[in-house]
Amino acid sequence: MFHSNIEFMPAKGGQGGVTMKHLMSPLDFTIEELETLFNLARDIEQNPAKYAHACAGKVLATCFYEPSTRTRLSFESAMLHLGGQILGFSDAASSSAAKGESVSDTIRIISCYADICAMRHPKEGAPMVAAEKSGIPVINAGDGGHQHPTQTLTDLLTIHSLKGRLDNLTIGLCGDLKFGRTVHSLIHALVRYPNIRFIFISPEELRVPDYITDMLKEKNIPYEEVIRLENVMPSLDLLYMTRVQKERFFNEEDYVRLKDFYILDTAKMELARQDMLVLHPLPRVNEISVEVDEDPRAVYFKQAQYGVYVRMALILTLLGITVD
């Protein structure tokens, strides 16, 4: 029998004064709690039939106020594989937000229809606002350029499963480090592990925000900022590629100028260690050549599969469901 003993940082919410547990940030987990969650995710991977009816009679609402393929479908796949049901909307235009309904009112209504909610919103902090008024657990599925905690859990599970550790790593993060919420969340999660070193690879315009580098300095975490990817490939244990996000730019000209700044190809991969892994939160545009897909070090599609397992584990844990 597997029993999850994770206790999340409580967030105020719920009806009648009941305290619900929500996931707003990857820092809502201690390292020990993460290990427990990953153990459950690995058990799900190895014994899928055991969990096939774990959420029978439960409903997941996916409230996505901006477009998503991987995250929304990953949540829905996770719930369906657990035997539960799904409902929701895939963009704000198809919800009552188009009529002016607030996030607070929407989540109060959703709480009448579903047992748990995954919410993506373009405004930072919107899922937290929802959590404060919700009668069901709320999972932040991405808010603006701020946080993307379930992608971070996916990234950590991928690294832990394929590298065997989350410490003693040199991690290169490449591309849009200014607007990339996946990058920001992953950095915050990894700094809690010993002997982590970051190499930030980006054009000047897309450098990691000051609040990130200030945090690293405060914690004495080593990092460097470079422009050329080729120069650092030989020293990396992990390369985390990101796309330049058109939707975060204020004008087309800046996007066009920077969108092809980094393209990972086989020539660059030849500079890397044989055990280096390439991760990408996806979607990919052209920052990784399709020829790299055949390289066994390219694990971004495996990463997407791990995303289903970790979301299944998260749903079970937030709903307090254990499986014999």
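Some notes on this structure:
- Rounded to the nearest 0.05, the FRET efficiency derived from the C-beta distance between residue 69 and residue 195 at R0 = 41 Å is 0.70.
- When each of the peptides 74-85, 284-295 is scored by how many other beta carbons lie within 10 Å of its residues on average, the order from highest to lowest is 74-85, 284-295.
- Protection proxy ranking, peptides 186-198, 309-321, average beta carbon neighbours within 10 Å, highest first: 309-321, 186-198
- For the listed residue pairs 21/133; 21/123; 178/268, the alpha carbons are over 19 angstrom apart in 21/123; 178/268.
- In sequence order, region 305-320 has phi-based couplings of 5, 4, x, 5, 4, 6, 6, 4, 5, 5, 4, 4, 5, 5, 8, x Hz under the Karplus curve 6.51 cos²θ - 1.76 cosθ + 1.60, θ = phi - 60°, and Gly or Pro positions carry x.
- Virtual spin-label span in nm between residue 322 and residue 302, 7 Å along Cα→Cβ: 3.2
- Whole-percent carbon and sulfur share, accessible surface of region 130-240, 1.4 Å: 44
- Relative protection proxy for 62-72, 174-184, 48-58, 153-163, from highest mean packing down: 174-184, 153-163, 62-72, 48-58 (other beta-carbon atoms within 10 angstrom).
The values are calculated or read from the model by the stated rules, or taken from the named source; none is laboratory data. Here the structure is a predicted model, which is why all the values come from computation and not from measurement. Neighbour counts run over all protein chains shown; Cβ positions are idealised from the backbone, glycine included. All accessible areas refer to the heavy atoms of the entire protein, side chains included, with ligands and DNA or RNA removed. Shrake-Rupley method; radii C 1.70, N 1.55, O 1.52, S 1.80 Å.
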